[in-house]
1. When you look at G247, is it buried (at least 19 other Cβ atoms within 10 Å of the Cβ) and small (G, A, S), yes or no?
2. Quick check on region 148-181: of everything there that is in a loop (DSSP other than H, G, I, E, B) and out of contact with any Leu (no Cβ under 9 Å at 6 or more places or on another chain), which residue is modelled with the highest pLDDT?
3. Which residues, counting only those in region 220-242, are loosely packed, with under 14 Cβ neighbours inside 10 Å and among the charged types (D, E, K, R)?
4. From the list Y286, Y215, which one is among the aromatic types (F, W, Y) and within 19 Å of E49 (Cα to Cα)?
5. Looking at the structure I just gave you, is A274 modelled with pLDDT of 90 or more, among the hydrophobic types (A, V, I, L, M, F, W, C), under 21 Å from E163 (Cα atoms) and assigned to a helix (DSSP H, G or I)?
6. If I filter region 372-385 for residues that are loosely packed, with under 13 Cβ neighbours inside 10 Å, modelled with pLDDT of 80 or more, within 22 Å of A452 (Cα to Cα) and not assigned by TED's automatic domain parsing to the domain that holds R186, do I get at least one hit?
7. Restricting to region 411-435, count the residues that are crowded, with 18+ Cβ neighbours inside 10 Å and either among the charged types (D, E, K, R) or part of a helix (DSSP H, G or I) (or both).
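The values are calculated or read from the model by the stated rules, or taken from the named source; none is laboratory data. All figures in this text were calculated on a predicted structure; none of them were measured in a lab. Cβ: placed from backbone, ideal geometry, glycine included. Neighbour counts: every protein chain shown.
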Amino acid sequence: MAHPLKHAESSARKFGGKAEDYLPIHNWFDESKAFFPDFRHRALRHHAEGIFLAEKLFGVTVVNSDRKEIPVRYVGEQHVREDLGRIPTAQDWLLQIKPQRWMYGHHLDDENPPMKEVTHAPPNGPAHENGGTTSVPPEATSVAPMVAQFSRERVKELVAALEVPFDASQIEWRVTNTTKNGQPPRGQVVPYADQRAYTDRLNALFTPAGWTRKYTIHTSSNFERSRDQKIVAKVVVTCEVTVFGLGSHSATGEEWADDDNAVTAAEAQSFKRACACLGLGRYLYYFIGTWVDLDERKRPKSVPQLAGWATPAGWLEGLRPRGAHERPLEQATAGNGNNGQHKSHGPGAGGDPLRAIERMEQVVGKRMYRGLLKSLARVWNPKDIQDPGTQERVLAHLQAGERGLRRAESAREKVGLAAFARILRSLRLSSLDQVENLKALQEIVVALEEAASRAKK
């Protein structure tokens, strides 16, 4: 497309509203024609960094004539894709510039400074395929700022601050799996935080000038997608996060290219993964999901309660998860139509003891679930329990564990996280997820309820 108005009309068809709603954004992208009158003007703003700059200038969203909020980033991505067919980075454009002597400055003592050969890859291929070499001065190959390194003690403090969980108000829940033909419908939810929570933490700890991130966007070759046999490519984004004086980490994110928000999704994924390498948001990887009731639009009717270690206060009290496969969530009980009573998982509810036993794994946690299976039935898989009496006995113990965990959680809220952590430490535990049997759980419940009783007095 050659004119901003055409882009604006395309935005109106895509997002609704009128072309005038989007014209200022598209005019901004093409203002660089005033500097250079052919397609090369696009090097100034037609790239991923230009899209983020547009978001800073125009805001995160614009409200169109239909009174709908449209992300500015989506409009920018549409403009660049319509002009170039893809979203390059600023680096993709700069690599095409032939270095000139005046670019690196004049050295009176060196009329012919040595030039270094740098091999670079094309935007979507490895360096050895159709790659090129460009002569550049030695000082141009390094742009890293000279920043004083933090002391070892300061690094430990900063990493510890990065590892602290996000506030509960910044946590959202995503449905990852749903039951088939189940009534009521249920889904497995896991927590996540928007990437703005990550940037807020980095800004608070290091200031906006104390860190940076760099994106590289690639597109894979077309291939057949297994779920629908459609020929499609993937957008792959690499994000490098650098904290000056601390270090850098990079990670990748990906999304199917036929998704309208492919670049945005892959970019957010890569940024969060890179941050996790620094410790920020790493704790979210310990969650394995909890099953909750869904509404008719497959949204959670209620959200689980975060375990103590997944809150800033609990983390600072010393609570920690143990292993990525332990249960980090307590089962949600609100919003399931039973007036706040916990939903029954016994055979009377589903008619099949084995299925009821299997469902209890999400309720009591993997450690207790396996511990009771091993001690009562000498098996790891409930399907190996052939005796109906043993099935009933195992289910009864699991349900007792469920009730004990609810009592422990209720008492924990009354005594506070500090007292809760002391009781766990006295039993050489760091969370309820480490409890393997009912005897240990009973000791915790009794101690918590005694502490709660003393607190009332």
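1. No.
2. Ranking the qualifying residues of region 148-181, first place goes to D167.
3. Once the filter is applied, which keeps residues that are loosely packed, with under 14 Cβ neighbours inside 10 Å and among the charged types (D, E, K, R), region 220-242 yields E224, R227, D228, K230.
4. One residue alone meets the criteria, Y215.
5. Criteria met by A274.
6. no
7. 12
For every residue, the table says whether it meets (1) more than 30 Å from V243 (Cβ to Cβ); (2) modelled with pLDDT under 75.
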site: E77; (1), (2): no, no
site: Q91; (1), (2): no, no
site: I97; (1), (2): no, no
site: E129; (1), (2): yes, yes
site: E139; (1), (2): no, yes
